[in-house]
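Data first, discussion second: the structure below is written as structure tokens.
The values are calculated or read from the model by the stated rules, or taken from the named source; none is laboratory data. Since the model is a prediction, treat every value here as computed from it, not as a measurement. Note that we place each Cβ from the backbone using ideal geometry, even for glycine, and neighbour counts take in every protein chain shown. Only protein heavy atoms, including side chains, enter the accessible area calculation; ligands, DNA and RNA are left aside. Shrake-Rupley method; radii C 1.70, N 1.55, O 1.52, S 1.80 Å.
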Amino acid sequence: MLIAGIDLGSGTTKAVLVDGDGAVRGRALLRTKADFEKVTREVLAAARQDGGAAEDVAYVATTGLGRYAVPFRDIQITDLTCGARGAATLFPSTRFVLDIGAQCSRAIKLRDGGKVKEFHMNEKCAAGSGGFLERAAKYLEVGLADIGPLSLGAGQPQPISSVCAVLAESEIINHVSEGVSVENILRGIHNSLADRALSLLKRVGLDGEVTLIGGVALQAGMVAALRDKLGVPVHVPDAPQLTTALGAALLGLQRFRKLSTTRAA
């Protein structure tokens, strides 16, 4: 028996499979496509292949912006709830979760058991999200995988002060025309994102350990910038972009157990 958690986001679709004990049995990630049902079936099949899973998938929990668009789901759960549960499972001592996604950034304060107590999010402008990093990478002609290492090599990071993505891109253009290195520009972008993250976390009462989730957490320069700015321990899962899907799978397992108990009674 397997339980699937599927996180259908704006940039990528992720799936995590867990067994009846909550152990991960497979995981996968694909670029999100216009046909949400098709991509969720594809990512589920890829997760089964990753783990060599032969068991049936007994229950499917979906999350993310496309969570309602999966007709074979058994339950849909908000990505805030799933991200919190996944992060708390991986790092039980964490008090706060920072999720920097493609479209927005979110700061979450946790209750005991990995439940959401309070949250704040920035979705008014792409300059506070991972999507801005993608556009900056294209303009600077560097690959996404190279952003983190390049940022770590900065000697004099150049600040990106604009809170508007369009104006921030203008700042980048100005830095390039002035001969500023790609490394210093990228670290300036990471520092800018870290400043926005700190502001969000302060709004939920930052006073303890933070777990960073989402694809931006794969960038070492972003992690370094956050550790410099936040002044508290910052944990990063080994697959931060799959944390919300993991939370969905674990919450799906919890729901499946309750249903099984009710039916047995």
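Running a GNM on the chain with Cα contacts under 10 Å, which residue among A107, A194, A154 ends up with the highest mean-square fluctuation? Evaluated over the chain, the most mobile residue of the options is A154. Relative contact order of region 157-265: 22 percent, from C-alpha pairs under 8 Å at least 6 residues apart in sequence. Computed across region 73-199, the Kirkwood hydrodynamic radius from all distinct Cα-Cα pairs reaches 15.8 Å. Measuring nothing but how far apart in sequence close Cα pairs (under 8 Å, 6+ apart) lie, relative to its length, the chain scores a relative contact order of 24 percent. The C-alpha atoms of the chain define a longest principal axis, and helix 243-264 lies at about 20 degrees to it. The helix-based estimate of mean residue ellipticity at 222 nm for the chain, built from -39,500 (n - 2.57) per DSSP H run of four or more residues and divided by its residue count, is -14000 deg cm²/dmol to the nearest 500. Relative to the longest principal axis of the Cα atoms of the chain, the long axis of helix 165-177 lies at roughly 50 degrees.
Comparing mean-square fluctuations of A58, A28, A15 from a GNM of the chain with C-alpha springs under 10 Å, the top value falls on A58. May I ask you to give the percent of accessible area on the chain that is carbon plus sulfur, with a probe radius of 1.4 Å? So the carbon and sulfur contribution to the accessible surface is 50 percent. Spread over its residues, the convex hull of the C-alpha atoms of region 133-186 is 70 Å³ per residue.
Based on protein heavy atoms only, region 172-265 ends up with 41 Å² per residue of surface accessible to a 1.4 Å probe.
Accessible area per residue for region 1-102 in Å², computed with a 1.4 Å probe and the full protein assembly in place, what is it? Walk me through the numbers before you get to the answer.
Details: 4230 Å² over 102 residues.
Ligands and nucleic acids excluded, the figure is 41 Å² per residue.
When the chain is treated as a Gaussian network with alpha carbon springs shorter than 10 Å, the biggest mean-square fluctuation among G131, G114, G205 belongs to G205. Just the C-alpha atoms of region 128-265: what Rg/Rh do they give, with Rh taken as the Kirkwood radius? Looking at region 128-265, the ratio lands at 1.13.
The simple Förster model, with R0 at 45 Å and r as the Cβ-Cβ distance, assigns D146 and D56 a FRET efficiency of 0.65.
With r as the distance between the Cβ atoms of A23 and A264 and R0 = 35 Å, compute the FRET efficiency 1/(1 + (r/R0)^6) and round to 0.05.
0.95
Residues of region 36-54 with the amide nitrogen closer than 19 Å to a label point 7 Å from the Cα of D238, along Cα-to-Cβ, please. What the label zone holds, given the 19 Å backbone N cut-off, is 47-53. Measuring nothing but how far apart in sequence close Cα pairs (under 8 Å, 6+ apart) lie, relative to its length, region 156-214 scores a relative contact order of 38 percent. Take the Cβ atoms of S181 and E118, set R0 to 45 Å, and the FRET efficiency comes out at 0.70. Shape descriptor for region 1-135: Rg over Rh equals 0.98 (Cα atoms; Rh from the Kirkwood inverse mean 1/r).
Taking every Cα-Cα distance in the chain and sorting them into 5 Å bins starting at zero, the pair-distance distribution P(r) comes out as 1, 6, 13, 17, 17, 15, 12, 9, 5, 2, 1, 0, 0, 0, 0 percent.
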